[in-house]
Each structure stands twice: as structure tokens, then as C-alpha cells.
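Only one structure is covered here, and it is reproduced in the block below.
The values are calculated or read from the model by the stated rules, or taken from the named source; none is laboratory data. No experiment lies behind these values; they were computed from the predicted model shown. Cβ placement follows ideal geometry from the backbone for every residue including glycine, while neighbour counts extend to all protein chains displayed.
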Amino acid sequence: MQPEKVTIEDVKFDCRHFKGGIPCQPNKLRNKVCSTCDEYSPIKTRILIIKLGALGDVIRTTPLVTRFKNDFEGAHITWITLSPDILPKSQIDEIYPFDFQSTYTIRHQRYDIAINLDKEYEACALLKDVNATKKYGFILDKHHVAAATPSAEHKLITGLFDQHSQANTKNYMEEIFEICEMDFKDEEYLLDVNEAFDKKWHSIRAQANGKTIVGLNTGCGKRWPTRMWAKENWVSLIQKLQEDGFYPVVLGGPDEDALNNYYVETTGCYYPGLHSLKEFIAIANNCDVIVSAVSMMMHIAMGLKKHLVLFNNIFNKHEFYMFNRGVILEPKAGCECYYGNSCKRETHCMESMHVDDVLTAIKTH
């Protein structure tokens, strides 16, 4: 049987199913061709998001995808990042890792809207090079970072001067929506959970035997050691949770592995061990409450719609938006180390973060 005749004039290059030099899915799976295809979905607005890192910031930028999809019919979203695995592939049309091949490809395409939300020079330089009708965010101007439009000036100023950052009362989503000349309307984070890993870690619920599972992210990352809560406090919290009928699970990455094994030996709590990011997200998804001093874990918890108890001392608490699903705890003694990675005091402020206050916050879920 002869295939249906197709000429180059028949090819719908503006279809979101178009894959360049290979067959699209409607052709591959259902033998469709452009001239008669009933799955044609024209792209009307091409949008590029440049958000390289950190991982938590990438997650909390995903509400923009929902708004663009809602506000622009036929929107096609391209995202370039250092953390491609964290982005929801079902919601974003093209996801590029930040490398030469990707940047070269992006620089030779055309977009209706391009947004850069990073102030690093490489991200700003890419926005400058991109062929786009409208550019938002931060751009390279000769030798310095600049606002691509006046809507980004507030965020640029708060990044340059601590006193302006400390006085800011806008959360991150409000700021990035403002940069794009939109209002934030409680659009949720987008975060995929691997079904196979999620099913695997239902085992935690079986072990908990009906108890509320409290995931304790016990570290703070190497960049901000001033956020660290003493290990005797974690031990006390774990023991009190056990006494009160909760099921504590310690969580973390390689930097927390030795500490988490210590907590297991000291308290008998459960520790699932070290896993890939996708599996870590699935483990967190099987917890009912998350406790963390780490903002990356905060954004994972928000993406999973979990109740969160967040420790904060060195950051402006107004930048965190928790969708009415969390509590922010700060040291009673206050903190003088704004965005600091070393403590200015003889007595660390986190010593005034009391175990009973954390326990009370957990119970409010």
C-alpha cells in the first residue's frame, strides 16, 4: 500500500508535536500525516524561561508555567536549567540542560517572550543573545547585570543591598510574577512524583502502622552552616515524637548521612538512606509532615502539598510563601547574620530554637 502523498507545503512546522528531523508521536503511533491529521495543535506563543539554579529556586519558579499556559492560548514553554530532572515534563514542552549545545540551539531560535530570573552573568548573557520580542528579568548590559524592564528593578535592588532586602515584604512568587508584569494568584508549584518510587516507599506507611509520619530533614547544606540546629535537639525532638505517637523519619543527602545514622543508633528512628533526587521526592511524598531548615526541602514539601515546619534565621521570612500549609519558626533570640555563613555571636541564635516549640508546630498540622 502506497503511503499518502505529502509535500513540504503540507508540513505543519508550527505544531507542538513537530520534532524536527524525526517523526512526531501522532505519526509514529497512529500513522498520521500533516495534511489530514486531526491532532494538529498550533503553537501561538513561544516562551523561554531561563532559570538555572538553585534546585529549590527552580521548583518555586514553576507557577509561572501554569499562568502562561492559562493566559496564552497555544503557549509553548521552553526551559533551560542546571536541574532538568526536577522539572515536570508533562507540563513543559522542551527542557534543556545548561550546556553549549543547548545554548547554541536556543540562541538560534525565536521566541515571543523570554524570561531570565537569575542574576548570574551567564544567564544574563543568554537573555541578551536570545532573539525574543519581549524580554523580562535580568540581562547583561556591557559589564554588569541590569533590569531588562522596569518591572525587574525592585528584585535587582533587593539583591544588591541588604537593607532593602531585609525591608522587603514580597514573597518570591509575587516578585517573579511582578517581573513578568503579572499578579501572583496562588498558582501552585509543579512537581512530578515518580509512580514506581512512590509505590515502593509506601513501605514507610506500613512501618508507621497508622502513625503520623514526620520527615525530619536534619541538615542545612554546606553553604549556610548558620542554619544548623544542634544534634542534641534533633535527638530530643525524635524521642518526644516517638513518645507522643508519631513516626519520625530522618532525611537528607550525603552531607547528612553520618548524622542520620547517628540518630538511628541513638533513638531507633527510621532512616531510608541515600537515594537519587527522584526517589528522595517519592520518600518525602510518603511523609505527612516535613521539618526542615533547608529551603530546597521546603520547596519539595510545598510541591508535594505537605504541612511544613520551616526553621529560619538568616533569611527574610517574607520571601517564603507556604500556601497556608506551613509554619515558620525563628530563634527567640533573633539573628544578626543576614545571609551570613558564619555566626557573629558567641552564643548561636539557633540555640534559642526550642524543641517544644517545634513539637507544637508539628502538631498543628
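A few comments on the model shown:
- Pick from the range 255-285, criterion farther than 18 Å from residue 242 by Cα and touching a Ser or Thr at 6+ places or on another chain (Cβ under 9 Å), ranking: surrounded by the fewest Cβ atoms within 10 Å (Cβ to Cβ): 277
- Residue pairs whose Cβ atoms lie under 9 Å apart, separated by 6 or more positions or on different chains, with the first residue in the range 224-242 and at pLDDT 95 or above and the second among the acidic types (Asp, Glu) and assigned to a helix (DSSP H, G or I), are 240/356.
- Test result for residue 14, closer than 30 Å to residue 189 by Cα, of a type in the set (Asp, Glu), without any contact (Cβ under 8 Å) to a residue 40 or more places away in the chain and not assigned by TED's automatic domain parsing to the domain that holds residue 131: yes
- Residue in the range 55-73 that is among the aromatic types (Phe, Trp, Tyr) and outside any loop (DSSP other than H, G, I, E, B) present: yes
- Scan of the range 313-339 for residues that are touching a residue at least 60 places away in the same chain (Cβ under 8 Å) and out of contact with any helix residue (DSSP H, G or I) (no Cβ under 8 Å at 6 or more places or on another chain), ordered by number: 318
- Just one of the numbered conditions (1) modelled with pLDDT under 95; (2) within 21 Å of residue 196 (Cα to Cα); (3) touching a Lys or Arg at 6+ places or on another chain (Cβ under 8 Å) is not true of residue 255: (2).
- The set of residues in the range 227-241 being in contact with a Cys (Cβ under 7 Å, 6 or more places away or on another chain) and either farther than 19 Å from residue 329 by Cα or surrounded by fewer than 21 Cβ atoms within 10 Å (Cβ to Cβ) (or both) consists of 228 alone.
- Filtered residues of the range 1-32 (kept if charged (D, E, K, R) and closer than 16 Å to residue 46 by Cβ): 12, 14, 16, 19
- Odd one out for residue 173, checked against (1) farther than 30 Å from residue 312 by Cα; (2) surrounded by 19 or more Cβ atoms within 10 Å (Cβ to Cβ): (1)
- Against the numbered list (1) in contact with a strand residue (DSSP E or B) (Cβ under 8 Å, 6 or more places away or on another chain); (2) closer than 29 Å to residue 10 by Cα, residue 97 comes up short only at (2).
- If the condition is being crowded, with 17+ Cβ neighbours inside 10 Å and either closer than 16 Å to residue 126 by Cβ or touching a Leu at 6+ places or on another chain (Cβ under 6 Å) (or both), then the range 141-160 contributes 145, 147, 148, 152.
- Test for residue 46: is it in contact (Cβ under 8 Å) with a residue 60 or more places away in the chain, under 24 Å from residue 134 (Cα atoms) and surrounded by fewer than 20 Cβ atoms within 10 Å (Cβ to Cβ): no
- The helices (runs of 4 or more DSSP H) falling completely within the range 250-365 that include 1 or more residues that are under 18 Å from the mean Cα position of the chain (by Cα) map to 277-285, 295-303.
- Test for residue 200: is it surrounded by fewer than 16 Cβ atoms within 10 Å (Cβ to Cβ), on the phi < 0 side of the Ramachandran plot, touching an Asp or Glu at 6+ places or on another chain (Cβ under 9 Å) and not aliphatic (A, V, I, L, M): yes
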